[in-house]
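One structure is given here, and the rest of the page talks about it.
A short reminder: the numbers here are calculations on the coordinates, not readings from a lab. Everything quoted here is computed from the prediction, not taken from an experiment. Counting neighbours? That spans all protein chains shown, and the Cβs are built from the backbone with ideal geometry, glycine included.
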Amino acid sequence: MKLLTVENLEAGYDSRPVISGISLGLEPAEFLAVCGPNGSGKSTLIKAIQRLLPVVRGQVLVYGQDLFRLKAREIAAWLAYVPQVFEPVFEFTVEETVAMARYYRRSSRFLARSSREQDLVIEALHLTGVYELKNKRLNELSGGERQRVLIARALAQDTPVLLLDEPSSHLDLNYQLQIYQLLKKLQREKNKAILVAEHNLNLAVAYCSELVFLKNGRVAARGRPGELLREELIRQIFGVEVELRLNRSTGLPEISLLHQAQRPAMEEKAKLLDLTVEPEE
Amino acid sequence: MSQKRLRLLFLLTLLVLSLLGFCLSLKLGPVNTSWAELFRSIFTGQGEFYEIILNLRLPRAVLAYLVGAALALAGAILQGYFRNPLADPFILGASSGASLGAVFSLQLGLAVSLAGLSAQSLIAFLTSLVLVGTVYLISERRRFQTAESLLLTGIAAGALASALTSFLLFRRADAYEQAVFWLLGSFSLAEWRQAWLLLAVVLPGWLVAQYLSRDMNLLSLGDETARSLGSPVKTVRRIFLLLATLLASFSVSVAGIIGFVGLIVPHAVRLIIGPDHRRLFIYSALAGGLFLLLSDLVARTVYSPSELPVGVVTAAFGAPFFIYLLNRR
């Protein structure tokens, strides 16, 4: 039985679904990236798995158990979520923010934080390299630091599954690598099952064990990165001409952008508007 | 100074000043007593001032303290609820609803009372609840209720109620003087029964808020994150909204609209002890009580023998302090 099974998931913000017919599975120590154009439903999928959206149909199972029948605090024992970086309103410190992961993971809200609780928080701070920042306020940090704090909070939640919504956005090259190396380490050393929504294909290819491409809210392709990534596929999904080269050190394909493909949609629109002008006699 | 020592110092300051505030409230007034006489009548239960102290000044001081605590607690709850440090207890229309009910019942001239609440208080309380309830139901009809839609509906409904209040006052100008009590707030009619009533609201209200204070911390991260961290967000939001509404409505119905307490007290307390709601709720309640106790003391002494509306004092002290706080950083 798989750790996480998503079956025929359909979800959206109102009666029109943003994603539909999505099925996928995740095993411990598996690292899956969901890729696709803007608006293809990557973030929606990450949220729908946790039933964070007003309309969600289909099934999400953890070891065969229906996740949607569980209470929020029970779901929090299975899934940890790293949202996109946001501007904090109240000025909590880094350590306070990370410790919030333990609120609903403790046996009682009246007992003081045990040393094991404290250890989990400290370990998460160390793993993500933000321990030195622990007394700083969240709004004093850079985007990259904030992103790592959010990952630290998800780690402190101590769950088998990590869900991340575009963890590389807002980050420079250095931080992008740091975050993905950290995720890789968690996958290998802590057996975490990781699902990321990622728009940076080169990062996804280099670090993930499997890719799923979404287009218009449906799965368009899936497979191992080395086998799946083809120029034809990128053209179909993103509508751009690219050249794939093999990275000399990893042997994995990398994308170099050439130009935009002719968009059939644009031509059809032009036809509808009847923009073709008859030559005058 | 470490955070812990700072908090302890702040707590001690609040308690000492509150004690001092209560002593001054018992001593000062149109009938003057000396400190010796004051303590003699407190400890012996006799003396010519005993009645005045026990049945006029003490209930008034207790009521002012409790209303201050209720307003500051409601403000702290709503600022967390809306993730906006500029929210106040009256933002959803509790005050406009109450004053509409109060002015309306003044014009009807009803003379019933229940549990220490006059007809005006009762009707003010009910109209306040009805207005906030309506605001909530209207904004909940939207499938994806947001804090913003609730906030805007509240502001609009409050404006409508204020317009109706103004219309009633315009039609019957003779009721204006009595209405000022509601519009600016006063403790001049304080009785023990009102104080007990408010205690019965504030104490359980604070306990519930304290129990859910971790959830309020999670809410400040955003609803989705709060839920993914295990908080039953919908239920928590409903309870907090109900709490804040009850605290604000009861306060307004016994003392009228006292502005600024619910806005600046939680805000100032947050600047001193940090944003953690597990401490913010209790510290705000204590600081709010102290602030209103002292404000009422000023309101009834500076212009003696006549009284200023206490809302004038809270705004006169609160507004400059608030502007200072905002521009300090």
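For the stretch A:52-157, restrict the atom set to alpha-carbon positions and state the Rg and Dmax in Å.
For the stretch A:52-157, the Cα radius of gyration and maximum Cα-Cα distance read 15.2, 43 Å.
Using r as the Cβ-Cβ distance of B:Val298 and B:Phe43, and R0 as 35 Å, what FRET efficiency do you calculate, to the nearest 0.05?
0.80
Given chain A, what percent of its DSSP beta bridges are antiparallel, to the nearest 5?
Given both bridge residues lie in chain A, the antiparallel proportion sits at roughly 60 percent.
Can you put A:Val94, B:Val302 in order of Cβ neighbours within 10 angstrom, beginning with the fewest?
B:Val302, A:Val94
Suppose only helical runs count, i.e. DSSP H with n ≥ 4. What mean residue ellipticity at 222 nm does that imply for chain A under -39500 (n - 2.57) per run, divided by all residues and rounded to the nearest 500 deg cm²/dmol?
Calculated at 222 nm, the ellipticity per residue is -9500 deg cm²/dmol.
Per DSSP H run of at least 4 residues, take -39500 (n - 2.57); add these up for chain B, divide by its residues and hand me the 222 nm value, nearest 500 deg cm²/dmol.
Only helices count here, giving -25000 deg cm²/dmol.
Is there a simple number for the mean count of other chain Cβ atoms within 10 Å of the Cβ of residues in A:69-82, and what is it?
3
May I ask for the percentage of alpha-carbon pairs in the stretch B:237-329 that lie more than 15 Å from each other?
When all Cα pairs of the stretch B:237-329 are counted, 66 percent exceed 15 Å.
Hey, with R₀ at 45 Å, roughly what FRET efficiency would B:Ile323 and A:Ala77 work out to, going by the Cβ-Cβ distance, to 0.05?
0.45
Whole-Å semi-axes of the protein assembly as shown's equivalent ellipsoid, largest first, each the root of 5 times a Cα gyration tensor eigenvalue?
In descending order, the three semi-axes are 58, 29, 20 Å.
For A:Ser114 paired with A:Tyr13, estimate the spin-label separation in nm (one decimal), with each label point 7 Å from Cα along the Cα-to-Cβ line.
4.2
Which order do B:Ser306, A:Ser40 fall in if you start with the one that has the fewest other Cβ atoms within 10 Å?
B:Ser306, A:Ser40
Return the FRET efficiency for the residue pair B:Thr134, A:Tyr63: r is the Cβ-Cβ distance, R0 is 60 Å, and the value is rounded to the nearest 0.05.
0.85
Contour minus end-to-end for B:Arg278 and B:Gln107, with contour as 0.36 nm per residue of separation and end-to-end as the Cα-Cα distance?
Result for the pair: 57.2 nm of gain on full extension.
Return the equivalent ellipsoid semi-axes of the stretch A:4-229 as a descending list in whole Å, where each equals the square root of 5 times an eigenvalue of the C-alpha gyration tensor.
They are 28, 21, 16 Å, listed from largest to smallest.
In nm, to one decimal, how far is the A:Lys190 label point from the B:Tyr176 one, both placed 7 Å along Cα→Cβ?
Computed distance between label sites A:Lys190 and B:Tyr176 equals 6.8 nm.
For chain B, what class follows from the C-alpha gyration tensor (a ≥ b ≥ c being the square roots of its eigenvalues): rounded when a/c is under 1.5, otherwise prolate if a/b is larger than b/c, else oblate?
Here chain B falls in the oblate category.
Name the long-range amide H neighbours of A:Leu164: under 5 Å, sequence gap of 5 or more, or other chain; modelled H, no Pro or chain starts.
A:Val82, A:Leu195, A:Val196, A:Ala197
Could you list B:Phe49, B:Phe322 so that the one with the fewest beta carbons within 10 Å of its beta carbon is first and the one with the most is last?
With the fewest neighbours first, B:Phe49, B:Phe322 line up as B:Phe322, B:Phe49.
Once you have the alpha carbon radius of gyration of the stretch B:62-221, what is it after dividing by 2.2 N^0.38 Å, with N set to its residue count?
Against the empirical 2.2 N^0.38 Å value, I get 1.11 for the stretch B:62-221.
Tell me, what ³J(HN,Hα) does each residue in the stretch B:314-326 have, in order and in whole Hz, if you take phi through Karplus 6.51 cos²θ - 1.76 cosθ + 1.60 with θ = phi - 60° and put x for Gly and Pro?
With the stated coefficients, the stretch B:314-326 comes to 4, 6, 5, 8, x, 4, x, 4, 5, 4, 4, 4, 5 Hz.
Could you check the simple spin-label distance between A:Arg106 and A:Val240, using points 7 Å along Cα→Cβ, in nm with one decimal?
4.7
Over chain B, calculate the relative contact order: mean separation of alpha carbon pairs under 8 Å at least 6 apart, over the residue count, as a percent.
Relative contact order comes out at 30 percent.
So if a site counts as exposed when it's one of the chymotrypsin sites (Phe, Trp or Tyr not before Pro), its DSSP state isn't H, G, I, E or B, and it has at most 16 other Cβ atoms within 10 Å, what's the longest stretch of chain A without one?
A:111-281
So, counting K/R as plus one and D/E as minus one, what does the shell of residues with Cβ under 10 Å around B:Lys234 add up to?
Residues close to B:Lys234 contribute a combined charge of +2.
Convert each backbone phi in the stretch B:118-123 into a coupling constant with the Karplus relation 6.51 cos²θ - 1.76 cosθ + 1.60 (shift: θ = phi - 60°), then list the ³J(HN,Hα) values in order as whole Hz, x for Gly and Pro.
Computed from phi, the couplings for the stretch B:118-123 are 6, 4, 4, 4, 4, 5 Hz.
Could you give the distance between the Cα centres of the stretch A:118-141 and the stretch A:158-205, to the whole Å?
18
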